[in-house]
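Shown next, in structure tokens, is the structure this report addresses.
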Amino acid sequence: GEQADCMFIILRGSTLSYMDTAPMGDEDIRISPTTTAKLTRGDVVVPAETKRRNKLPERMNSGKFIMRYCTGNSFGEQSLLTEDKSRKATIVAEEDCDLMVIGQQVFDKILRNEQQREYDQMCLFIEYHPYFAHLSY
């Protein structure tokens, strides 16, 4: 539920996505929204362009595993598309990672239209497909 102000593209490495996890870290490290970021295995990406150092085994035992992101994948863009801007998942570095951090202004100028189109298509699919039609999103 933290507020989003950037999205991330994985340049190298992989991350894991969890939902309903509680913050466990005690050391935040600032990263610039206009450059790249380095994560060490077990670091957690948190809002406001920070990363938090955590122990991976503790993080893996809390919250539900959602998916794995690899080099070339992105995450955080859905929060930039919604009005409430809240994050829905916690991302943990599975291994050392290099990330490109894209702030809201750059996202709006360059990526918003394409990301919004993809998001809208996914919502329509869920809304009208018989298997998903009864679910709320």
Exercise for review: Find the residue count for the range 93-137, including only residues that are assigned to a loop (DSSP other than H, G, I, E, B) and surrounded by 10 or more Cβ atoms within 10 Å (Cβ to Cβ).
Suggested key: 5
Revision key, fill the gap. Per the list (1) touching a Lys or Arg at 6+ places or on another chain (Cβ under 9 Å); (2) modelled with pLDDT under 80; (3) surrounded by fewer than 14 Cβ atoms within 10 Å (Cβ to Cβ), residue check on Ala22 breaks on (1)
Check your understanding: Among the numbered criteria (1) crowded, with 16+ Cβ neighbours inside 10 Å; (2) part of a strand (DSSP E or B), which single criterion is violated by Met67?
Key -> (1)
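The values are calculated or read from the model by the stated rules, or taken from the named source; none is laboratory data. The structure displayed is predicted, hence computed values, not measured ones. Cβ sites come from the backbone with ideal geometry, for glycine too, and all protein chains shown count toward neighbours.
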